[in-house]
Amino acid sequence: MFMRSNGMKTAGRALFFAVLLSGVAGGASADTIEAQCDAAAGSQYDMTRNTAFAPVAREDIRIGPALSACREAYNAGGGARMAFQLGRALERAGQDLDAMKLYAEAAGLGHTVAMVNYGAMLGQRGDAVAEFNHYKKAAEMGDMLGAYNLGVAYRDGIGTEIDGEEAARWFDKAAASGDETAAFNLGVLFDDGSLIAEDDARAAAFYRLAAEGGVVDAMINLGLMLESGEGVSQDLAAAAGYFKAAADRGDSYGKLKFGLMQQSGTGIVRNVEQAVNSLVAAFEMRDVDLEVILRNTPEQLSADARLAIKQVLAERKLIAGAENAEIDPITLGAIEKHYAAK
């Protein structure tokens, strides 16, 4: 079965559920230099974060104010959190070596998210064993991000031997702490069955948990299980709902699957016009599964959908015109150019 899974993340680089908020929460006043640093560079994953202020995603850190406030707070003896937050600001500014030094210092003071970020940066520089050890220490101290990354390390053999049971254990801990991506990856382990015993029912349950948390890939995988009846009772309407939810979030495969169900009326009311819109959107996003269909079984698409796709190619001057719905060799060549342009 078609499946998706996810890899590492660090504070400020989380997949799918990063809180993209910044500034002051609840009218709190940043009237000290430490508070200014908290407001400028606090991480949502930091268990020691000053919750009077909204967390700031790494890409949303305003470099100048964050560096100024956090450097002053750090120099005034601000401790582990100030060191960590200055590290975040430095990393955002592209000063990775200086950021590493601050993460190492904060990690040495017991700051678990700093351990995760420092471990990730060590891994980027080729020290997978040290990377693993930092994730493990953070995870054993109860850090959700550390637990997630430790699960990935055990799953992929990063700095350690591959161990599916340990991967599942740590993904489960992270999921229990509210990490939807960990729930998704645990679902993949149960779905795939190569590292732990296959259990489709548990896979579906974890996909559902992740999908409810907004994980698009979980919506796709759960939709496929509901469509086929794998591990769950077949429910085509629910499958269509999950594909639509993924499509609405910009997923090209979700648009393809929902478009095909709209076209055939499978699980939902048939709507050829909307199906064409969905399929054309998937084509414009260069969905690779749609390319396979166009090459091998174009008859899966209605004549209206094929004609609309040819009109896109004509608008982009990849073919001379779109007088009919035939996917001929010239059209196939144009499709190849369309996909190569991504």
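The values are calculated or read from the model by the stated rules, or taken from the named source; none is laboratory data. In this text, all values refer to a predicted model and were calculated from it rather than measured experimentally. Don't worry about glycine lacking a Cβ; one is built from the backbone with ideal geometry, like all the others, and counts go over all protein chains shown.
Key figures for this structure:
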item: Helices (runs of 4 or more DSSP H) lying entirely in region 153-237 (those with 1 or more residues that are in contact with an Asp or Glu (Cβ under 6 Å, 6 or more places away or on another chain)); result: 180-192, 200-212, 216-228
item: Candidate set from region 281-337 (those that are within 24 Å of Phe243 (Cβ to Cβ) and among the acidic types (Asp, Glu)); member that is surrounded by the fewest Cβ atoms within 10 Å (Cβ to Cβ); result: Glu299
item: Odd one out for Gly267, checked against (1) within 28 Å of the chain's Cα centre (by Cα); (2) crowded, with 18+ Cβ neighbours inside 10 Å; (3) farther than 24 Å from Ala239 by Cβ; result: (3)
item: So Ala334, is it without any contact (Cβ under 8 Å) to a residue 12 or more places away in the chain and more than 31 Å from the chain's Cα centre (by Cα); result: no
item: Contacts under 6 angstrom Cβ, first residue in region 122-144 being over 13 Å from Ile158 (Cβ atoms), partner among the aliphatic types (A, V, I, L, M) and buried (at least 16 other Cβ atoms within 10 Å of the Cβ), 6 or more apart; result: Lys137/Met115; Ala138/Met115; Ala138/Val116; Ala139/Ala147; Ala139/Leu150; Met144/Ala174
item: Condition broken by Ala240, with the remaining ones in (1) modelled with pLDDT of 95 or more; (2) under 21 Å from Met225 (Cβ atoms); (3) not in a helix (DSSP H, G or I) satisfied; result: (3)
item: Selected residue (criterion: surrounded by the most Cβ atoms within 10 Å (Cβ to Cβ)) from residues of region 71-98 that are closer than 22 Å to Ala139 by Cβ and touching a Phe, Trp or Tyr at 6+ places or on another chain (Cβ under 9 Å); result: Phe84
item: So Glu291, is it farther than 24 Å from Ala176 by Cβ, in contact with a helix residue (DSSP H, G or I) (Cβ under 8 Å, 6 or more places away or on another chain), touching a residue at least 40 places away in the same chain (Cβ under 8 Å) and assigned to a loop (DSSP other than H, G, I, E, B); result: no
item: Options Leu318, Leu313, Leu256, Leu260; residue that is modelled with pLDDT of 95 or more and in contact with an Asp or Glu (Cβ under 6 Å, 6 or more places away or on another chain); result: Leu256
